[in-house]
1. Are there any pairs, at least 6 apart or on different chains, whose C-beta atoms fall under 8 Å, with the first in the stretch 1-23 and within 11 Å of N111 (Cα to Cα) and the second assigned to a loop (DSSP other than H, G, I, E, B) and open to solvent by 80 Å² or more (accessible area, probe 1.4 Å), and if so, which?
2. Only one of (1) among the small types (G, A, S); (2) under 30 Å from E145 (Cβ atoms); (3) surrounded by 13 or more Cβ atoms within 10 Å (Cβ to Cβ) fails for A86. Which number is that?
3. Condition (residue is of a type outside the set (S, T, Y), free of Cβ contacts under 8 Å to residues at least 40 places away in the same chain and open to solvent by 40 Å² or more (accessible area, probe 1.4 Å)) applied to the stretch 37-44: is it met by at least one residue?
4. Please work out which one of (1) out of contact with any His (no Cβ under 6 Å at 6 or more places or on another chain); (2) open to solvent by less than 90 Å² (accessible area, probe 1.4 Å) is the condition E70 fails and give its number.
5. Go through the stretch 1-45 residue by residue and tally those that are over 19 Å from A173 (Cα atoms) and touching a helix residue (DSSP H, G or I) at 6+ places or on another chain (Cβ under 7 Å).
6. Which residues, counting only those in the stretch 165-184, are part of a helix (DSSP H, G or I) and open to solvent by less than 40 Å² (accessible area, probe 1.4 Å)?
7. Please name all residue pairs, on different chains or six or more residues apart, with Cβ atoms under 6 Å, provided the first residue is in the stretch 190-202 and is without any contact (Cβ under 8 Å) to a residue 24 or more places away in the chain and assigned to a helix (DSSP H, G or I) and the second residue is surrounded by 13 or more Cβ atoms within 10 Å (Cβ to Cβ) and aliphatic (A, V, I, L, M).
8. Residues of the stretch 186-203 being open to solvent by 40 Å² or more (accessible area, probe 1.4 Å) and either touching a helix residue (DSSP H, G or I) at 6+ places or on another chain (Cβ under 7 Å) or among the basic types (K, R) (or both), which ones?
Amino acid sequence: VGKLNVPGIAEPGNEKTIGPVGAAHALAQSCKALTMRSALSAVVSRLASHPTIAAWVEEGVGLHKAHASETCEFCSQPLPAARLQALTDHFSVEDQQLKAENKQERAWLANVLEALGGFTFPDRLALYSELRADYDAAVSAFATEMEAVREQVLAIDSVLADKLTRRTEPYDAKVGSDTEALQEMLTSIDNVMQRHDAKTQGF
């Protein structure tokens, strides 16, 4: 009979390979840790309380620096040095580091989502006929649990996207990733395959 293929992905920052089920579980913990952090910057209160404006201003600051603009590209007024310094302080080195780590976490999350879709199973017709009902039930249950885990991972991505606009405040994100049932279904599928192999060896 064919083999159960469990995809592996490289963990961020090292060469160790981890399975997508374990990675999905770990995502919730790292996401919570990230949302509990805040950028140590001189906070401009309006930007802190209006994340969409902050994102717009941050992009504008970068554009003005890139083009060495001395006047506002929006209103054509001179850019006050004090205001530019306040914005620079707001989008501090710590702030940019937190932003970069958030983007890295979301890139890792995208890899986990892709790997979760990489499981392949043997053809049911390769199994002995008396094992197919158990195999079908296990594969169906696995698909249900996989969808639940994928939804949890997508929810984590939404929290990370929100944190990208709320870098000046720490908060406890309500996220989770319960992969125990999914792991149990993998074990059930593997058990059916072992029963098949045991019968074959018995011959």
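1. That search, which allows pairs on different chains as well, returns A10/K16.
2. (2)
3. Just the residues of the stretch 37-44 that are of a type outside the set (S, T, Y), to begin with: 37, 39-40, 42-44.
Narrowing further to those that are free of Cβ contacts under 8 Å to residues at least 40 places away in the same chain: none.
The answer is no, given that none of the residues of the stretch 37-44 is of a type outside the set (S, T, Y), free of Cβ contacts under 8 Å to residues at least 40 places away in the same chain and open to solvent by 40 Å² or more (accessible area, probe 1.4 Å).
4. Exception for E70: condition (2).
5. Pass one, the stretch 1-45, residues over 19 Å from A173 (Cα atoms): 1-22, 40-45.
Checking the rest, the ones that are also touching a helix residue (DSSP H, G or I) at 6+ places or on another chain (Cβ under 7 Å) come to 1-2, 4, 7, 9, 12, 20-21, 40-44.
Total meeting the criteria: 13.
6. Keep residues of the stretch 165-184 that are part of a helix (DSSP H, G or I), which gives 180-184.
Passing the criteria: A181, L182.
7. none
8. At the first step, the residues of the stretch 186-203 found to be open to solvent by 40 Å² or more (accessible area, probe 1.4 Å) are 187-188, 190-191, 194-195, 197-203.
S188, R195, K199, listed by residue number.
The values are calculated or read from the model by the stated rules, or taken from the named source; none is laboratory data. All values reported here derive from a predicted model rather than from experimental measurement. FYI the Cβ positions are ideal-geometry reconstructions off the backbone, even for glycines, and counts take in every protein chain you see. Heads up: the accessible areas ignore ligands, DNA and RNA and are worked out on the full protein's heavy atoms, side chains in. Shrake-Rupley method; radii C 1.70, N 1.55, O 1.52, S 1.80 Å.
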